[in-house]
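First comes the structure, then the notes that go with it.
Only the coordinates and a few stated rules stand behind these numbers; no lab work does. Small disclaimer: the values here were computed from a predicted structure and weren't measured. Cβ sites come from the backbone with ideal geometry, for glycine too, and all protein chains shown count toward neighbours.
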Amino acid sequence: MNSGTAAAEISTLLDRYLIGLDEDKLDDAWARALFDEDARVEFPMSRHAGVEGLAAWHRQALDAFARTQHLNSPAVVDLTGEQRAVLRANLVSTHVHHPDAPGDPLFVSGTLVRGEARHTEHGWRLTELSFRPVWSTGTPPGPRDSR
């Protein structure tokens, strides 16, 4: 396996994940195209394990906002063997609150993304993503309401 090709494929998984949060229909097909069966995704406020229910979990989190935009740096990908890799990237996420939300209209955060990927029979898939906030500005989402 060419390490440059593998790194590009893994980096593209992160790109597709982040732009998918902003534009795609988040369904089981979306999740399975990006994540392995036992994948874990962890944000500071919640986490999810397994590809089952992963799309619904993301949809519920994104429902707190009217829109989002996720801008990431190129991922630094290091192969740790023939079938595994780790990745890191920087991320700036802009969250647009619903018009009736109190506080600032935007919540913006700078985050360090760390992840792992595995080469499967379907190609490279993400097995872990974690997001560590470095800074933020604006009003974070409030308690869940009936949206």
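Cβ-Cβ distance of TRP135 and SER46, R₀ of 30 Å, FRET efficiency by 1/(1 + (r/R0)^6): the value works out to about 0.90. For the chain, the longest principal axis of the alpha carbon atoms and the long axis of helix 3-23 meet at an angle near 20°. The calculated FRET efficiency for ARG59 paired with LEU79, based on their beta-carbon distance and R0 = 30 Å, is about 0.40. Given the alternatives (i) 120; (ii) 101; (iii) 134, volume of the Cα convex hull per residue in Å³ as computed for this entry is given by (ii).
In this rough spin-label picture, where each label sits 7 Å from Cα along the Cβ direction, the THR120-ASN90 distance is 3.2 nm.
Take the Cα of ALA66, go 7 Å toward its beta carbon, and the backbone nitrogen atoms of region 10-30 under 18 Å from that spot belong to 22-23.
Looking at region 1-86, the trypsin sites (Lys or Arg not before Pro) that sit in a DSSP loop and have at most 16 other Cβ atoms within 10 Å of their own Cβ are LYS25.
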